[in-house]
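To start, the structure itself, in structure tokens.
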Amino acid sequence: MSVLSVVSNNNEAENNILKAKKKLEEFVEQASATETKVSIIATIDHNAASGISRIAKEIMADIIVLGWPKRTGFIDKLIGEKVDSIISNTDKTTIICHFEKPLVSHKRIVIAAPPLTEHENGFELWFSKMAKLAQELSIPIQLYCNESTLKSIRKLVKDSKISATITSSLFSDWEDFQDLSKNVRENDLFVLVSAREGAASYMVMLENLPSKMEKHFPSNSRIIIYPQQFVQSFGSKRYDQINPEPLNKGIETIQKIGKGIGNIFKKDNKE
């Protein structure tokens, strides 16, 4: 685990770096009590999002964890400026957390997962982390998703031998959380799985869901997860059965448009 603080690049940068490192040392002491290995990083950048994205790549992090905005109603600003910049510049699984109460006080983890989320590259990662959290807290998971996603989760649970207690309910009303909020209790930790634009599970209404979480679950601890979208290797088993024939035909068609364009593509192929 690496704890990062990004300091603005100004005349006070050097002094602020020292202050940030001193403050981060408190996290190391807390982590040592649980035998968790923690490194602290303080860096200078022109803005927080750029610094987070850069360091995440440098240390090859698999997950980025961010805090929810402290002032109610500012989630739209956070998503629009900070998180949007981070998720646009990195493919890391990104988790935004807000805890109304200590983790040990929660009685359930309620997860709402959109259709096709099982096709995201970070699907196994985020679900295994949530399952691990449920096991550590000795609480069950309540899933809200469609049949296809549920089938993939059951297979993952079986293959990975996950021992968390999991119950499920079919859910399709992604326009609003009105009905879902009636089934979420005060001591539930509510988890919304979102998606980057262009992802398989991306839906336009997902852009407005974070603010709806504040509206419908103001007293609940809540987490938003942006799964890793892109694969790091084209040898992934998810894509090993893709048929290249349509792509080849598309290239042939483009080459027939004109001699000049055809030559450009031929040149690129040689390169």
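Computed values, structure above
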{"quantity": "Unique residue being more than 18 Å from ILE224 (Cα to Cα) and either of a type in the set (Lys, Arg) or touching a Lys or Arg at 6+ places or on another chain (Cβ under 7 Å) (or both) when the list is LYS182, LYS129", "calculated": "LYS182"}
{"quantity": "Count - residues of region 176-229 that are open to solvent by 20 Å² or more (accessible area, probe 1.4 Å), under 17 Å from the mean Cα position of the chain (by Cα) and of a type in the set (D, E, K, R)", "calculated": "2"}
{"quantity": "Within region 137-175, considering residues that are acidic (Asp, Glu) and over 21 Å from the mean Cα position of the chain (by Cα), the one farthest from ILE109 (Cα to Cα)", "calculated": "ASP159"}
{"quantity": "Close pairs from region 93-105: first more than 23 Å from ASP62 (Cα to Cα) and open to solvent by 80 Å² or more (accessible area, probe 1.4 Å), partner small (Gly, Ala, Ser) and at pLDDT 90 or above, Cβ under 9 Å, at least 6 apart", "calculated": "GLU100/SER221"}
{"quantity": "Subset of region 140-162 [hydrophobic (A, V, I, L, M, F, W, C) and either in a helix (DSSP H, G or I) or open to solvent by less than 20 Å² (accessible area, probe 1.4 Å) (or both)]", "calculated": "ILE141, LEU143, CYS145, LEU150, ILE153, LEU156, VAL157"}
{"quantity": "Selection status of VAL191, β-branched (Val, Ile, Thr) and assigned to a loop (DSSP other than H, G, I, E, B)", "calculated": "no"}
{"quantity": "Total residues in region 3-56, condition part of a loop (DSSP other than H, G, I, E, B), open to solvent by 70 Å² or more (accessible area, probe 1.4 Å) and touching a residue at least 24 places away in the same chain (Cβ under 8 Å)", "calculated": "3"}
{"quantity": "Enumeration of residues in region 57-88 that are open to solvent by less than 50 Å² (accessible area, probe 1.4 Å) and at pLDDT 90 or above", "calculated": "ALA61, ILE63, ILE64"}
{"quantity": "Answer residue from region 1-51, given it is at pLDDT below 85 and within 19 Å of THR90 (Cα to Cα) and is nearest to the chain's Cα centre (by Cα) among those", "calculated": "ALA49"}
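The values are calculated or read from the model by the stated rules, or taken from the named source; none is laboratory data. Keep in mind that this is a model prediction, so the values were computed, not measured. We place every Cβ from the backbone using ideal geometry, glycine too, and count neighbours over all the protein chains shown. Just the protein is used for accessible areas: all its heavy atoms, side chains included, with ligands, DNA and RNA removed. Shrake-Rupley method; radii C 1.70, N 1.55, O 1.52, S 1.80 Å.
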